[in-house]
Amino acid sequence: MVSTLLIRNGCVLIVNLNKFKFITKLENNYDSNPSYCSHCGKPLTFKKFYKQFEFEKKFCCKKCASQYPEVEVNKFSSETEKTIYAFLSLTLPQYNIRHNITDIFPPYEIDMCIETEHFPVFLEFNGSLHARFNSHNLKCQINDKIKKTEICKNRQQKMIRLCSNRGLYSRPLIFEESLNLVLDSINYLIKANNDYGQCIDVVYTGKDIYRYKEKFKDDIIEEDLD
Ligand SMILES: [Zn+2]
């Protein structure tokens, strides 16, 4: 049983990671090939491994960790992002996936990048916060637009945005369905291998999930909804 604490709106929720089918798969695969403590070599439980997912060196206890200087890592900004990363690295083990990237389009941060053999696919996650209208979110929405314009229109590259105006983490079935659509979109972009900019939005409206595709070709933006 893997549980994690999630603090949202000041409330602490205990979220059971086993509710995500792919986490169970990750855990099953993990058992046959566990990670070891970087200091003492003791095998780590899946819970300890997952908790330190973003760290290159993982430790079995605080004492072992204290033997090493703290290294700066790009931490995930939310459990949702960590789950997206876990899902993608499990389903696309052949690609290097970077997260919280600041060297692509400074000073903006890009959530993830899937380095495929043809091109990078940038992934942005726009959580529930962006939907509520206030000055902070207005800034987020403007930043989202700037990033899309730069990546897809100016650089003619590929971007996928997972957007939801409700918390996905507390809706495991919807979350998995959305993640499968993101995966399908990545595979679609790789298969099509077009030389123009494309943006695919996977949007959960709180009721339905839909996908919205945009092509940035010859200064014409073509749109397609499915
Ligand atoms: Zn240890």
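Taken over segment 51-86, the criterion of being within 15 Å of the chain's Cα centre (by Cα) and over 25 Å from Cys140 (Cα atoms) is satisfied by Phe53 alone. Within segment 168-226, being surrounded by 15 or more Cβ atoms within 10 Å (Cβ to Cβ), of a type outside the set (Lys, Arg) and modelled with pLDDT under 90 holds for Leu168, Tyr169, Ser170, Pro172.
In segment 23-42, the residues that are closer than 16 Å to Phe53 by Cβ and without any contact (Cβ under 8 Å) to a residue 60 or more places away in the chain reach residues that are within 8 Å of the ligand (Cβ to nearest atom) and of a type outside the set (Val, Ile, Thr) with C-beta atoms within less than 8 angstrom, at least six apart or across chains, in these pairs: Tyr36/Lys42; Cys37/Phe59; Cys37/Cys60; Cys37/Cys61; Cys37/Cys64; Ser38/Phe59; Ser38/Cys64.
Under the condition of being within 11 Å of the ligand (Cβ to nearest atom) and either crowded, with 18+ Cβ neighbours inside 10 Å or closer than 28 Å to Gly127 by Cα (or both), the residues counted in segment 38-86 number 6.
Tell me whether segment 97-105 contains one or more residues that are assigned to a loop (DSSP other than H, G, I, E, B) and in contact with a Ser or Thr (Cβ under 6 Å, 6 or more places away or on another chain). No: zero hits.
If a residue must be without any contact (Cβ under 8 Å) to a residue 24 or more places away in the chain and within 20 Å of His99 (Cβ to Cβ), how many such residues does segment 49-66 contain? Count: 6.
For the subset of segment 46-61 comprising residues that are assigned to a loop (DSSP other than H, G, I, E, B) and in contact with a Phe, Trp or Tyr (Cβ under 9 Å, 6 or more places away or on another chain), which member is modelled with the lowest pLDDT? Once the filter is applied, the top-ranked residue is Glu54. Considering each residue of segment 140-152 in turn, none proves to be touching a residue at least 24 places away in the same chain (Cβ under 8 Å) and touching a helix residue (DSSP H, G or I) at 6+ places or on another chain (Cβ under 6 Å).
Checked against the criterion of being closer than 23 Å to Phe175 by Cα, more than 16 Å from the ligand (Cβ to nearest atom) and surrounded by fewer than 13 Cβ atoms within 10 Å (Cβ to Cβ), the candidates Lys25, Lys21 yield just one match: Lys21.
For segment 159-209, the tally of residues that are without any contact (Cβ under 8 Å) to a residue 40 or more places away in the chain, under 18 Å from Leu92 (Cβ atoms) and of a type in the set (A, V, I, L, M) stands at 2.
The values are calculated or read from the model by the stated rules, or taken from the named source; none is laboratory data. None of these values were measured; they are calculated from a predicted model. Neighbour counts run over all protein chains shown; Cβ positions are idealised from the backbone, glycine included.
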